[in-house]
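Undergrad: Dropping the structure in here first, questions after.
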Amino acid sequence: MKQMALDIGLQTLPTLDSFFAGPNLAALQHLKLWTSGNMPSPVPTYLWGENGSGKTHLLRAAYAALKDQGLAVGWIDETNQTQLSFDESWVAVIMDNVHLYNLEQQQAAFNWFVNALTPKSGQPRWVLAAGTLPPADLKLRDDLRSRLGWGHVYALQVLSEPERLAVLQQEAEQRGLHLSDEVMSYMLNRFSRDLGSLMTLLDHLDQYALQAQRAITIPLIKSMLENA
């Protein structure tokens, strides 16, 4: 059966505390230390893993954690086509989905890397990046690929299905929602199974159930999709 992706516009903001680490605890602990300002030196960090392993969640959460402290942070991903110059006010630069960068974005990422680690003034900046492949296997220009592998490198693993179900159930309980076994099975069989998609689906269900003043059931899910 073909699974459906859900993209109807509502997502909660990712945080480091909301990330279920599972086998990725070391990376999470590193980023919590990284964003707390307690790292001894700004050694670059690179996260890699297949889609659904939590890379973008962690990068966006790190970005938000730094911004919440009133700090300026640079962000680049494969969608950036303009504003690719480095800003001296940044305390960190974050690069997501580096495996998808075109030549111009690769040039910008390399310049950001160089400017971050060898600034004209002040202390070196943090560099946090992520892609689907380990640094050595990235189809990028040599100088950028080598720099992505300079520092800490963490391989992220996708959560197992029981772990994803546990996270989904825990989040539902925190919202005061009940998800029956039948509803959980329907969600897994009809929608993308990565945790981010499932959590987005839960966001929509929570809002829709509240508006409809109904419990979350399979008919409610069908009704939500028909009215999306």
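Undergrad: Kindly provide the helix-only [θ] at 222 nm of the chain, computed as the sum of -39,500 (n - 2.57) over DSSP H runs of four or more divided by all residues, to the nearest 500 deg cm²/dmol?
TA: Taken over the chain, the calculation gives -13500 deg cm²/dmol.
Undergrad: Additional query: In a Debye calculation with equal point scatterers on the alpha-carbon sites of region 161-226 and no solvent, what is log10 I(q)/I(0) at q = 0.11, 0.22, 0.27 Å⁻¹?
TA: -0.21, -0.90, -1.43
Undergrad: Could I ask something else about it? In whole angstrom, and with the biggest value first, how far do the Cα coordinates of the chain range along each principal axis?
TA: 59, 34, 32
Undergrad: Let me understand region 22-155 better: what is its radius of gyration from the alpha carbons, and its Dmax, in angstrom?
TA: 13.6, 40
Undergrad: What length, rounded to one decimal in nm, is gained on full extension from SER36 through to MET184, with 0.36 nm per residue of separation minus their alpha-carbon distance?
TA: Value of the extension gain: 49.7 nm.
Undergrad: Can you give me the long-range amide H partners of GLY49? Hydrogens built in the peptide plane at 1.01 Å from N, cutoff under 5 Å, separation of 5 or more residues or another chain.
TA: Sorted by chain and number, the residues that satisfy this are GLY131, THR132, LEU133, LEU156.
Undergrad: Identify the residues of region 167-195 with backbone N under 16 Å of a label point that sits 7 angstrom from the Cα of GLU161 along the Cα-to-Cβ direction, or state none.
TA: Inside the label zone: 167-169, 181-195.
Coordinate-derived values only; no laboratory data. Since this is a predicted model, take the numbers as computed values, not measurements. Every residue, glycine among them, receives a Cβ derived from its backbone with ideal geometry; neighbour counts consider all protein chains shown.
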